[in-house]
Amino acid sequence: MAYRGNRRRRDQQQSNETFPDRIFTVLVWTALLWVASEYMQGRPHLASAGAGLRSVLWLPLTISVGLLGLHFVFRALAALSTNADPARNTFDDRRDPLFSGVNVLKGPVTEVRWSSRVFAAIEWRRFEAVVETLFAQEGYETRSQLHGADGGVDIWLYSKNPNDPVSVVQCKHWQGNPVTVKELREFLGVMASHGIKRGTFATSSRYTADAVAFAKANSITAHNGNDLLRLIAQRSPEQQARLLEVAYEGEYWKPTCANCGVKMVEREARGNGSRFWGCTNYPRCKCTLPMKTTD
């Protein structure tokens, strides 16, 4: 048993050796043998053996120096890549620079009835899906922008004419920060560019007083988190259950990449070890989101 334990410890020590450590070991042994060849060449009866040894040592010496140099070059490039991307977060315009963080529940913790905790648990794409389902339950034909540039529109609403939308919806899954006049003014510009006179702005957060006044003056229906919960409460039990299914569909706590439409994965910044969400298509897509765990 003692022998097995010693062997396991020895194997563990060997597995902990890093690549540059092994190359350095080869260089040390090569240097020692080179010194030995110098000594042998100084002795007439060993000179030929020393010359032969030195001719053999050129190959491991050249390979070791080259590999060690490549290792440090690649490590420097990796450090530059880390400083250029994971340390800072990039946001899609429609997700907002004011977003205070993504609430992440570790595991399938779900609510059995609607409350603000549902909005806090789900990611932005599930929030948009809930809002879209709410309008579908009202009888609208809906078309959502799943990912990529949306031009400020998340959901298009159609009635009898399937070609021309009667209204547009923008969703902001914010938590903690209010929607301001700036966001409403930008949304009004989008409505005007599409020739649409009515629009709905839905957020899981709240609005500033100026934003509420601006919305009323410009035919924008502004729903905050409590407004959405009241609308859901007016649905039938079956419809409310369906909305919960939509909210908790799949890995509801993992954010979706706004550029690629795929679930993001947990990553760790090399500099400070902080955790963040990164796109699975990195480095082609460098979209990231902050990670915020809830108790």
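Where a number appears in this text, it was derived from the coordinates with a stated rule and is not lab data. Everything numeric in this text was worked out from a predicted model, so none of it was measured. Note that each Cβ is placed from the backbone with ideal geometry, even for glycine, and that neighbours are counted across all protein chains shown.
One table, with the values for the structure above:
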item	result
Length released on extending from Thr221 to Glu251, taking residue separation times 0.36 nm less the Cα-Cα span	7.8 nm
Farthest toward positive dipole pole in segment 114-252 [+1 Lys/Arg, -1 Asp/Glu at C-beta], among Gln234, Ala209, Ala247	Ala209
Sites Ser48 and Val28 - FRET efficiency at Förster radius 25 Å, r taken between beta-carbons, to 0.05	0.45
Rule-of-thumb Rg ratio for segment 114-252 [Cα; 2.2 N^0.38 Å; N residues]	1.00
Estimated dipole of segment 114-252 in Debye, rounded to 20 [Cβ of Lys and Arg +1, of Asp and Glu -1, Cα centre]	420 debye
Placed amide H near Tyr207: partners under 5 Å, 5+ positions off or other chain	Val179
Extension gain (nm, one decimal) between Val166 and Asn281, 0.36 nm per residue minus Cα-Cα	37.8 nm
Using a Förster distance of 45 Å, the FRET efficiency for Glu138-Glu268 (Cβ separation, nearest 0.05)	0.55
Cut-off under 5 Å, modelled amide H: who pairs with Val166 long-range	Leu157, Tyr158, Ser159
Relative contact order [Cα under 8 Å, 6+ residues apart], segment 114-252, whole percent	27 percent
Sites Asn177 and Val65, calculated FRET efficiency, Cβ-Cβ separation with R0 41 Å, nearest 0.05	0.15
Residue-span extension gain [Ser55 to Val190] - 0.36 nm each, minus C-alpha spacing	41.1 nm
